Amino acid sequence: MTLAFERNGSLCVEGVSLADIAARFGTPCYVYSRAALTAAFLAYTDTLRAHGVIDRSMVCYAIKANSNLAVLNVFARLGAGFDIVSGGELARVLAAGGSPDKIVFSGVGKKPAEMAEALKVGIHCFNIESASELATLNEVAESLGCIARISLRVNPDVDAKTHPYISTGLKSNKFGVAYTEAHAIYRHAASLRNIKVVGIDCHIGSQLLDPAPAAEAVDKLLSLVDALATDGIVIEHIDVGGGMGITYRSDEAAPSAAEYLAPMLVKLARRTEKLIFEPGRSLVGNAGLLLTRVDVLKPGEVKNFAIVDAAMNDLMRPAMYEAWHEIVKVGNSPAGAGVESRPRTAGTLHGREAVLRENPALPPSIYEIVGPVCESGDWLGHDRSLALSEGDLLAILSTGAYGMAMASNYNTRPRAAEVMVDGNDVHLIRQREAVAQLFALESLLP
């Protein structure tokens, strides 16, 4: 929430004006802060160090939150491990400089080819989510003449007290193996020639604002670890997953890494197993924002609409989860920047400037912030009090997680550019797509 700050009447990220970024790279545009990413990661490692467990801990960034190569590279340079859920994510981590032996592979539907590739590069561990997956992995490992290191993702049936779409630890969820079945599956895994049991894993959900459910899940994991020991099944690491929430609303309080981890670490500090953590949203969510431009103001009898150039294809969370993101004006467009962000035909800019001169900024009104996609569900913010004119630049905050990662090309819309601010420098870390790229892999009938 504090990523952007005001300086001389304009919002900035680190040492760079957002208006300058919009003028240089256009809108919509995702903007990330290297300093914010670094600070979020160090909050975890500093907490683990304070509890005396840093030497036996690994923080594995859950890359589904934001998989841009530059973001991954920032974390790789900091010594992070990575939590992946597909073969594509494995390739991204390796391309970004991640260490294979710091990768844990989660996900309920791993394909044999993905398993094989992960085995070939030597990942740390597979988080197994079903008995069927265990059998398939054993066969793949046998065909390659190697041993697959595994943990079971155990579903502890703990209510994460979060949105039902991002709750993953209940009996009704598709993830993990049932707590009551885990012991038997571990026994079977230990008997397989090409499987080595090394850990236990749990992840109960995302956007957790209360540390208590995660601590409750740890208690259940530890009971199972001790029961397995009586069968001679030694657990080398305990993976407690991720899920710590972030602040989206200005009146919302999210725990710090120290506050969230403390109840778990009190229980885990007395253990000897290696500890793995899988944060995603909490490392990137508030390290990014989405810049967008107001294209059309459309007052109505019931609602006033501000139609911006970002849409549900750029930021799916509001339409999918009814998620709230703070939306603020940027202010102070740089001289000569113009009010449109895409290439224009001759005369277009002159006509828009004439409209703006004749229509100064409106007083604050309540707006629906919506995109141009042809869906009534294409909204980015309901009932926002803003003083807007056409051409104004807006920042949609807390979009570093599940923003660009969930973006699509619906309505044949090119996905946004992504930039990384590093002090006073700005780096383009993903070019804006061109329309021709969107159908380059398609063919006409003969």
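The values are calculated or read from the model by the stated rules, or taken from the named source; none is laboratory data. As the structure is a computational prediction, the values presented were derived from the model and not from experiment. Neighbour counts are summed over all protein chains in view; Cβ atoms, including those assigned to glycine, are modelled from backbone coordinates with ideal geometry.
At-a-glance table
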| item | result |
| --- | --- |
| VAL104 hydrophobic (A, V, I, L, M, F, W, C), surrounded by fewer than 18 Cβ atoms within 10 Å (Cβ to Cβ), within 18 Å of GLY199 (Cβ to Cβ) and in contact with an Asp or Glu (Cβ under 8 Å, 6 or more places away or on another chain) | no |
| Helices (runs of 4 or more DSSP H) fully within the range 52-139 counting 2 or more residues that are within 30 Å of VAL31 (Cβ to Cβ) and modelled with pLDDT under 95 | none |
| Total residues in the range 47-89, condition touching a residue at least 40 places away in the same chain (Cβ under 8 Å) and of a type in the set (D, E, K, R) | 3 |
| Enumeration of residues in the range 21-42 that are under 18 Å from the mean Cα position of the chain (by Cα), surrounded by 18 or more Cβ atoms within 10 Å (Cβ to Cβ) and outside any strand (DSSP E or B) | ARG34, ALA36, LEU37, ALA40, PHE41 |
| Count - residues of the range 404-446 that are of a type in the set (Val, Ile, Thr) and under 25 Å from GLY377 (Cβ atoms) | 2 |
| In the range 142-171, the residues that are at pLDDT below 85 and not in a loop (DSSP other than H, G, I, E, B) | PRO164, TYR165, ILE166, SER167 |
| Boolean, VAL85 is surrounded by 16 or more Cβ atoms within 10 Å (Cβ to Cβ) and within 16 Å of GLY199 (Cα to Cα) | no |
| From ILE63, ILE84, ILE103, residue being within 20 Å of MET420 (Cα to Cα) and not assigned by TED's automatic domain parsing to the domain that holds ARG430 | ILE63 |
| Positions within the range 1-20 being small (Gly, Ala, Ser) and surrounded by fewer than 18 Cβ atoms within 10 Å (Cβ to Cβ), in sequence order | GLY9, GLY15 |
| Test: residue in the range 304-327 that is at pLDDT below 95, surrounded by 19 or more Cβ atoms within 10 Å (Cβ to Cβ) and either assigned by TED's automatic domain parsing to the domain that holds THR247 or under 21 Å from LEU18 (Cβ atoms) (or both) | no |
| Breaking point among (1) surrounded by fewer than 17 Cβ atoms within 10 Å (Cβ to Cβ); (2) assigned to a loop (DSSP other than H, G, I, E, B); (3) in contact with a helix residue (DSSP H, G or I) (Cβ under 9 Å, 6 or more places away or on another chain), for GLY300 | (3) |
